[in-house]
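The next block holds one structure in the form of structure tokens; read it before the comments.
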Amino acid sequence: MALVRTLAVIPHLVRMFVRTKLEYPGALVLSWVSQAVSYGSMYTAIALIVARFGTLGGWSWSEIALLLSFHLLAYSTGASFSFTQFRVMEDLVRQGTMDALLVKPISTWTYLVFSGFNIGYAGHVALAIGLMGWALTQVEVTWSFPLALYFIATLVSGAMVVCALMTMIGATAMVFVRSRHLYSIFFGFWELARYPITIFPLPIQVLLLTAVPLGFISTVPVSVILGKPVPMLGDFAGLACVLAGPAMAGLAMLHWRWCLRNYQGAGG
Amino acid sequence: MSAIIEVSGVAKTFRQPKRLPGLGGAIRSLFSRDYTEVRAVQDVSFAIAPGEAVGYLGPNGAGKSTMIKMMTGILVPTAGSLSVLGREPHAHRMTNAAEIGVVFGQRSQLWWDLPVRDSFDLHRHIYEVPEARFADNLAFLTTMLGMADYLDRPVRQLSLGQRMRAEIAMALLHDPKILFLDEPTIGLDVVAKDAVRKFLAQINRERGTTIILTTHDLQDIEEICPRLIMVDDGKLLFDGELPRLRAALGSRRRLRLEFGSDPGPITLTTARLVTDDGAAKHFLLDAEDTSILDVLTELGSGYDLKDVTLEEPAIEEVIRTFYQSKPQRAAEAL
Amino acid sequence: MKARAYAAFTVNAFQSRLAYRSAVWSAAFGDLVFIFARIAIWVSVYGAATSTMTDGVTLPQAITYAIIAGPVLYWDFARLLHDVGTAIQTGDVAVYLLKPLHYPAFLLASHIGHFLFELLLVVLPVVVIAGLTYGMVPPASLFHALAFLGYWALSFMMLFALASLAGLAAFWLMTASALEWFLMSIMTLLSGGLVPLWLFPGWLAAIAGHLPFAWVSYYPAAVYLGRLDVSQTLLYFAIGLVWLAVLLGALAWLWTRARHRLIVQGG
């Protein structure tokens, strides 16, 4: 009953948020352009290094480009459901706005996610798809229908990992009030995830596959697709990429519930 | 009539990290993990019947909001049991939410950049209000609260009073059985306060909506709520009707005698002198059954008495007296 | 009296940051992961290269460059840009007009406080850990060491001026975050914080080497490594000072315009 109600409300929530954003169309377009330019400049810097040295960790520029675009697409898809929404979570808790969300008869997570479904990531997505389109024509991959399906499945799974981690960090604010600082750890590992995993020392590789599983949003699936070996996981890597998203989503759900039960409000 | 809300022996304890003072303390707190326990609500019990209007009153930090948050399912009680509409609110938060309305005075539930009507419309979808019922309610509330001329304006352009009326209207669009209001009149001007109070009293009277509101403002209670629950320091101090509170404290009527010329000091057994401005003197009548006649009889006719006024105690007076009977909290009360 | 008031803003900013203890740990950890990523790139490309030197730079030098040009010199200007942007968008900036102080000077004073805080509690631990893990080469000479300190101060002022300018531009564009992204994209490429200018194609290096952004990361780190001889070191310091004067002039001018706009149009 509550679930049906929740699902039915989603399109209305998204429409409200889009209309809010369209109140300031200039700022929206400017943010799309500025963010795409910023990623473009980062990728240019990486391209300069690869151009000078030939390869990075045994990956050619077109392979790196596929990795970067996969990273950006999985990230921006997952983040459009989560980042800006959960980044403000500690403000929602501190100002008591969270209380107002909790007295609605639909899932609080759904309300938060879709009432802030961030169309601001359109610039990211456009850049990622453009770069990916080019990279896919350059890399040596023999495409088949199952592989194409697998490619999409890993993208979705990667986006789920992003969304799950963002949710978990945000939910933490319900108990500890402050949690935004944890995003700097997230983005530290997020930065690592856009390079071939093999260039890092072993402890970092382990972290990228376990505690902060951002390896699964880019470097692991792209390695599998390009037929490059994945450390530690070996043959299991292919399956792990598809499972990572749902597994993290389940974990995030448990964490969310635990935080909700231990919610303290603004205190007093 | 069976209770719509039952609270028995409820307590809520918060954990807060300790902050040490000064620069050295700040550096040390980078490493420490000390917590203090704050007991926001302690052993509170009461029951509320359908159709009642109850004012939940107490000084800042008395645990008023915490109680509201437990009744609405936001917070889980540390101890005790709580039942709202026959359910444990936290375990059935969403089902509970569909049948109650909640207004938080200081935080808006309206969409800042969009017209009021859009927030209402979203509310209709969230609460699955049938279209015809929604239209009826909206028409009724718009008229009652005088919202017609700003329903299509973005929320960011509204005055605080207009916004609060819109918040209250929204909380009633789905015909809630209980309406919770946390400080609904805070920050409003006199006219807006008056409109809100009249409206809430009317909704309670005509629609039978149970109302529970927390407030600092005693006039809210006087005009809306026949019943008063007073808390301080997390504990229940008083639960009953306002006249009963007055009676329990002694009526404390105030008598003002004005003389043609300063008669000098006057001491009476029936009335206690509180302020002496020479020609005007104020007395308190401590005993419930003392009448003006008793006082005037004792005073006798030897004075140049020009005017006599008897004032019923204002609610502020009643409550101040109540808090003063608890000396350690007197400074904070009201 | 005045100087003491501004010093108080510095101390205030420093102290305010101490209240957020978990933020300190997270920032240090995040930075550490970042710098490990950068270093891993150099270890990887040098490991695969045929000679131990590329453009006359060895791996230990490249690692040292990464540490200095990254966390040490390239401080997080987003806070400054946001402070200015928010003050403008909410209209709080008007409050500063009521006080007997110069708003850009106030910004400088408080962001020196933030800078010192981050230097002591975030950057220094990160540098020590990264340095102990991978090793850092010492400055090329005593001259270069001293020159680096001068360049460091210049770098701070340069980034301060750039971020404040971008923040003030929010007065006209009404969006601080897009400006932050734009400045970030310029800095990523042209400051040399990620890729040293010697790896650029010649024409791009020539352009980037004469834009003010290169003084934020590239020149100080290159001086530290002794890539510039004595006369070049002095010459480019002078050029950097000229750029700084231009930027500070622009900042003062823009602030005057902004203030005028505030007073005449009410924001």
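Laid out as a table, the results:
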| item | result |
| --- | --- |
| Flag for A:R194 being closer than 27 Å to A:G170 by Cβ, within 10 Å of chain C (Cβ to nearest Cβ) and open to solvent by less than 50 Å² (accessible area, probe 1.4 Å) | yes |
| Candidate set: region B:120-140, residues that are open to solvent by less than 20 Å² (accessible area, probe 1.4 Å) and not β-branched (V, I, T); chosen: the one farthest from the other protein chains (Cβ to nearest Cβ) | B:N137 |
| Cβ pairs under 9 Å, 6+ apart, first in region A:1-21 and within 7 Å of chain B (Cβ to nearest Cβ), second modelled with pLDDT under 90 | A:R19/B:D113; A:T20/B:W112; A:T20/B:D113 |
| Residue among B:T72, B:T95 that alone is within 30 Å of B:T13 (Cα to Cα), of a type outside the set (D, E), open to solvent by less than 10 Å² (accessible area, probe 1.4 Å) and at the interface with chain A (Cβ under 8 Å from one of its Cβ atoms) | B:T72 |
| Unmet criterion (only one of (1) among the aliphatic types (A, V, I, L, M); (2) in a helix (DSSP H, G or I); (3) at pLDDT below 90) for A:A266 | (2) |
| Tally of residues being open to solvent by 10 Å² or more (accessible area, probe 1.4 Å) and more than 10 Å from chain A (Cβ to nearest Cβ) across region B:75-90 | 11 |
| Scope region C:46-75; condition within 12 Å of chain A (Cβ to nearest Cβ), more than 29 Å from C:M158 (Cα to Cα) and touching a Ser or Thr at 6+ places or on another chain (Cβ under 8 Å); matching residues | C:Y46, C:A48 |
| Which listed residue, of C:I63, C:I41, is at pLDDT 85 or above and either over 29 Å from A:G215 (Cβ atoms) or in contact with a Gly (Cβ under 8 Å, 6 or more places away or on another chain) (or both) | C:I63 |
| Residue tally, condition in a loop (DSSP other than H, G, I, E, B) and of a type in the set (D, E, K, R), over region C:37-87 | 2 |
| Region A:197-243 - residue that is among the aromatic types (F, W, Y) and surrounded by 23 or more Cβ atoms within 10 Å (Cβ to Cβ) and, of those, farthest from the other protein chains (Cβ to nearest Cβ) | A:F216 |
| Region B:85-108 residues that are in a loop (DSSP other than H, G, I, E, B), paired with ones that are surrounded by fewer than 23 Cβ atoms within 10 Å (Cβ to Cβ) (beta carbon under 6 Å, 6 or more apart) | B:L85/B:E99; B:P89/B:N96; B:H90/B:V76; B:G105/B:E183; B:G105/B:I186; B:R107/A:G96; B:R107/A:T97; B:R107/A:A100 |
| Only listed residue being open to solvent by 10 Å² or more (accessible area, probe 1.4 Å) and within 12 Å of chain C (Cβ to nearest Cβ), chosen from A:Y111, A:Y39 | A:Y39 |
| So C:F34, is it in a helix (DSSP H, G or I), open to solvent by 40 Å² or more (accessible area, probe 1.4 Å) and facing chain A (nearest Cβ under 7 Å) | yes |
| Matching entry among C:V195, C:V123 (being crowded, with 19+ Cβ neighbours inside 10 Å, at negative phi, outside any helix (DSSP H, G or I) and within 20 Å of the chain's Cα centre (by Cα)) | C:V195 |
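The values are calculated or read from the model by the stated rules, or taken from the named source; none is laboratory data. In this text the structure is predicted, and so the values were computed from the model without any measurement. Heads up, the Cβs are rebuilt from the backbone with ideal geometry, glycines too, and the neighbour counts pull from every protein chain shown. Protein only, heavy atoms only, side chains kept; ligands, DNA and RNA dropped before computing areas. Shrake-Rupley method; radii C 1.70, N 1.55, O 1.52, S 1.80 Å.
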